1. Quick check on residue 163: is it among the small types (Gly, Ala, Ser) and within 13 Å of the ligand (Cβ to nearest atom)?
2. Taking residue 166, is it farther than 22 Å from residue 227 by Cα and in contact with a helix residue (DSSP H, G or I) (Cβ under 8 Å, 6 or more places away or on another chain)?
3. Output the number of the condition that residue 132 fails; it satisfies all remaining conditions of (1) within 25 Å of residue 259 (Cα to Cα); (2) away from the ligand (no atom under 12 Å from the Cβ); (3) of a type in the set (A, V, I, L, M, F, W, C).
4. Can you pull out every residue in region 135-160 that is within 16 Å of the ligand (Cβ to nearest atom), of a type outside the set (Asp, Glu) and not in a helix (DSSP H, G or I)?
5. Working only within region 169-210, note down all residues that are more than 15 Å from the ligand (Cβ to nearest atom), under 24 Å from the mean Cα position of the chain (by Cα) and in a loop (DSSP other than H, G, I, E, B).
6. With respect to the numbered conditions (1) of a type in the set (Phe, Trp, Tyr); (2) over 20 Å from residue 214 (Cα atoms); (3) crowded, with 24+ Cβ neighbours inside 10 Å, which one is the sole condition not fulfilled by residue 154?
Amino acid sequence: MRETGTHEQKDILGRYDAVMMNAFGSPKRVFSHGEGIHLVDADGNRYVDLLAGIAVNSLGHNHPAVNAAITSQLSRLGHVSNFFATQGQVQLAERLAAAAGEGARVFFTNSGTEANEAAFKVTRLTGRTRIVAMEGSFHGRTMGALALTHTPKYRAPFEPLPGHVEFVPFGDLEALERAVDGATAAVLLEPIQGENGILPLPQGYLAAARRITRDAGALLWVDEVQTGIGRCGELLLHRADGVTADLVTVAKGLGNGFPVGACIAVGDAANLLQPGNHGSTFGGNPVAAAAANAVLDELASGVLENVRQVGHWFAAAVEELHHPLVDHVRGRGLLRGIVLTEDIGQGVVDAALDGGWVINAPRPHVLRIAPPLIITRDELRPFVDALPALLEAGRG
Ligand SMILES: *Cc1c(COP(=O)(O)O)cnc(C)c1O
């Protein structure tokens with residue numbers, strides 16, 4: 001058992017509660033360092049990190065290539081305003097643009113919610129204002145991104161939010177077809193709803209949404225903040241369905257923990273933003289760009305294949321347990337939801353933490369497994385072996 005009983009963590013957690021705004025509840029651990037797939041807490045206990053900072057630390061902790069890229073860039077140029085360009089920023093933009101489609105252009109941000117803010121503003125420049133988003137969606141916490149986020153408990157305290165956003169049932173193509181017309185600026189989708197419990201769109205939905213938006217002259221906007229940059233075994237998951245979107249947003253895994261995000265616009269949508277429409281002091285910062293370029297280099301050297309193979313093996317291995325508390329495993333690559341037959345997610349998360357595993361439960365009946373993309377089968381197998389006991393402990 002790895003408990004918070006010792007002095008070092010207790011002291012810091014007490015001070016945390018006194019000085020930090022209560023946005024996240026009381027944390028259960030204080031982490032001091034990490035190495036690869038492992039985290040170490042302030043009392044020296046080791047954990048296997050199967051959450052990776054919520055799908056962020058794609059290459060694991062203390063990755064030598066990312067560290068080298070960051071420190072070498074920092075020693076040359078740490079920041080310059082967006083009145084000027086840097087080589088790494090342009091290189092990163094070229095790589096992201098190439099991943100999104102022909103004629104794409106990039107606007108850099110520091111987070112996923114800011115990438116969505118940028119995209120939201122681009123949709124307004126079409127001259128239309130209506131957005132169709134999905135029930136169960138999550139797009140971030142700033143006022144604009146929140147207006148696109150469905151979860152009523154996140155929205156309610158902050159009404160009124162930017163308007164003209166309509167929500168349709170997730171995965172219901174007929175409802176989408178009915179909702180989209182000549183006044184629709186954009187349709188906004190997550191290929192897999194991460195915060196809603198790793199819930200994938202039905203097969204064929206993205207391609208149909210592409211057809212529906214094209215016919216209506218509306219933009220197709222895909223939020224790949226969680227699913228993109230290798231997490232699901234592809235640089236951009238929607239591209240694996242043969243779909244080219246007009247707007248794509250990415251962040252989480254892009255900098256391996258260094259804050260960086262991007263709004264990518266393709267084709268005509270790439271020309272909507274004009275000087276004065278939007279900006280960012282830090283967006284496209286040379287250090288962030290160096291981190292992201294290092295991540296993309298690593299992903300291209302075998303990591304994506306690892307994600308597909310290990311992710312597939314993991315889902316099958318958990319289902320083969322035939323445990324009565326596991327209904328099924330969903331998701332793609334190394335973004336996996338273990339769907340439970342009872343609402344015991346938080347109990348299992350707590351039991352896992354005490355057993356040395358970091359996971360979370362985005363919904364009461366779903367465990368999220370989003371480890372560093374470099375994890376091997378041998379490193380994941382002990383978790384699969386431990387899962388039955390963790391499920392039973394979590395049930396209490
Ligand atoms: C996490 C997330 C966001 C918000 O990103 P932040 O970096 O936390 O602002 C937006 N969209 C999706 C799909 C996400 O998973």
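1. Here the answer is no, as residue 163 does not meet what is asked.
2. yes
3. Residue 132 satisfies all of (1) within 25 Å of residue 259 (Cα to Cα); (2) away from the ligand (no atom under 12 Å from the Cβ); (3) of a type in the set (A, V, I, L, M, F, W, C) except (1).
4. Matches in region 135-160: 136, 137, 138, 139, 140, 141, 142, 148, 149, 150, 151.
5. Within region 169-210, 169, 171, 172, 202, 203, 204 qualify.
6. With (1) of a type in the set (Phe, Trp, Tyr); (2) over 20 Å from residue 214 (Cα atoms); (3) crowded, with 24+ Cβ neighbours inside 10 Å applied to residue 154, the lone miss is (3).
Results for (1) surrounded by 18 or more Cβ atoms within 10 Å (Cβ to Cβ); (2) assigned to a helix (DSSP H, G or I), shown as yes or no for each residue.
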position: 302; (1), (2): no, yes
position: 309; (1), (2): no, yes
position: 314; (1), (2): yes, yes
position: 322; (1), (2): no, no
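Per-residue answers, yes or no, for (1) hydrophobic (A, V, I, L, M, F, W, C); (2) buried (at least 22 other Cβ atoms within 10 Å of the Cβ); (3) under 17 Å from residue 118 (Cβ atoms); (4) touching a Cys at 6+ places or on another chain (Cβ under 6 Å):
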| site | (1), (2), (3), (4) |
| --- | --- |
| 247 | yes, yes, yes, no |
| 252 | no, yes, yes, no |
| 261 | no, yes, yes, no |
| 271 | no, no, yes, no |
| 275 | no, no, yes, no |
| 288 | yes, yes, yes, no |
| 292 | yes, yes, yes, no |
| 331 | no, yes, no, no |
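The values are calculated or read from the model by the stated rules, or taken from the named source; none is laboratory data. All values derive from a computational prediction rather than experimental measurement. All Cβ positions, even for glycine, are placed from backbone atoms using ideal geometry, and neighbour counts span all protein chains on display.
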